[in-house]
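Here is the structure we will look at.
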Number of protein chains: 2
Amino acid sequence: MIPTSKELPLCPVATTVGLIGNKWKLLILQGLLTGVKRFGELRKGIPDISQKVLTQNLRAMEEDGIVIRKVFAEVPPRVEYQLSELGDSLRPIISVMEVWGLNYQKNANTLEHTKQVTS
Amino acid sequence: MIPTSKELPLCPVATTVGLIGNKWKLLILQGLLTGVKRFGELRKGIPDISQKVLTQNLRAMEEDGIVIRKVFAEVPPRVEYQLSELGDSLRPIISVMEVWGLNYQKNANTLEHTKQVTS
DNA sequence: TCCATTAGTTACTTTTAGGTTCCTATATGA
DNA sequence: TCATATAGGAACCTAAAAGTAACTAATGGA
């Protein structure tokens, strides 16, 4: 789901999901919550994301007005990404996901259907 | 992303995203927040979801301990779905998405890159 | 007798997402 | 002189997700 949403579903949850209801976008969003990041920094912070997928999703998020892209006329190239005001307004979503995830991890040992992994 | 997560990433957000960072799961979760639902009801409540995809995601969520599935030995078949305690603990996530979505919709007319749609 | 009903399953096809490799520009430092 | 660094783009291919159609079981009602 890379789609830059062009239509708004009636349901508010579906609207939100349409914009960021996708693994990579949520992780990119998280990466940008701490402030301006260069492309490479962002990439390093998101395990296993390929350059192509990162670029694609960043472009879609830019189109959706969530992310601001700044290109500097330097060599080697320098491109900085940051959240727009709209993007930053998504912070509570990541925040609540983080809280939930922490709690889940804490109890995960009592759940038989998961296993801890150290990567 | 149907995968029933078998491993826990170190990052709490990634953990959460791994479980429900997917369009359909988020919408199914929303559908179940109001209580027990039969398969058909759930299907009706989620526009454009196909039977197959609904089944697949419900099964994955069941495996992840988010959803409880109850089969009644009746004809025609009757199957009820409900959130487990774990599933219900995800409520704040949908809740915050709903709030965000409502606000986004309210301001959407001032955003040039979206358009309202009535389906 | 035959149709409708429900919650699927299966097989098959199409669509979408993602992976991989190769290519580029040019200032800097070795 | 030559490798390095950065942020991609293009082409190609595979994998995963989703769509579609057909089929099922057993009962109740027309």
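None of the figures in this text is laboratory data; all of them are computed from the coordinates on show. Computed from a prediction, not measured in an experiment: that's the story for all the values here. Here the Cβ positions follow ideal geometry from the backbone for every residue, glycine too, while neighbour counts run over all protein chains shown.
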Residues A:Glu41 and A:Asp88, FRET efficiency given R0 of 25 Å [Cβ-Cβ distance, rounded to 0.05] = 0.90
Starting from a label point 7 Å past Cα on the Cβ side, list the distances from B:Glu85 to the same position in the other copies, nm, shortest first.
-> 4.4
Taking A:47-56, B:30-39 and ranking on average Cβ neighbours within 10 Å, highest first, one gets B:30-39, A:47-56
Average partner chain C-beta neighbours within 10 Å, per residue of B:85-93?
-> 3
Test item: Cα-centred dipole of the range A:27-119, Lys/Arg +1 and Asp/Glu -1 on Cβ, debye = 280
Peptide B:27-33 - average C-beta neighbours from other chains (10 Å radius) = 2
When the scattering of the range A:13-108 is computed by the Debye formula from its Cα atoms alone, each counted once and equally, what is log10 I(q)/I(0) at q = 0.14, 0.18, 0.19 Å⁻¹?
-> -0.53, -0.84, -0.92
How many nanometers, to one decimal and shortest first, lie between the label point of B:Leu10 and those of its other copies, if labels sit 7 Å from Cα toward Cβ?
-> 4.7
Can you pull the one-decimal nm distance between simple spin-label points at B:Thr34 and B:Asn103, each 7 Å off the Cα toward Cβ?
-> 2.5
What residue of chain A sits with its beta carbon nearest the rotation axis taking A to B, and at what distance in whole Å?
-> A:Val96, 3
Position A:Val71, label points 7 Å along Cα→Cβ, spacing to each other copy in nm (shortest first, one decimal) | 5.7
If every Lys and Arg gets +1 and every Asp and Glu gets -1 at its Cβ, then about the Cα centre the range B:15-78 yields a dipole, in debye to the nearest 20, of 160
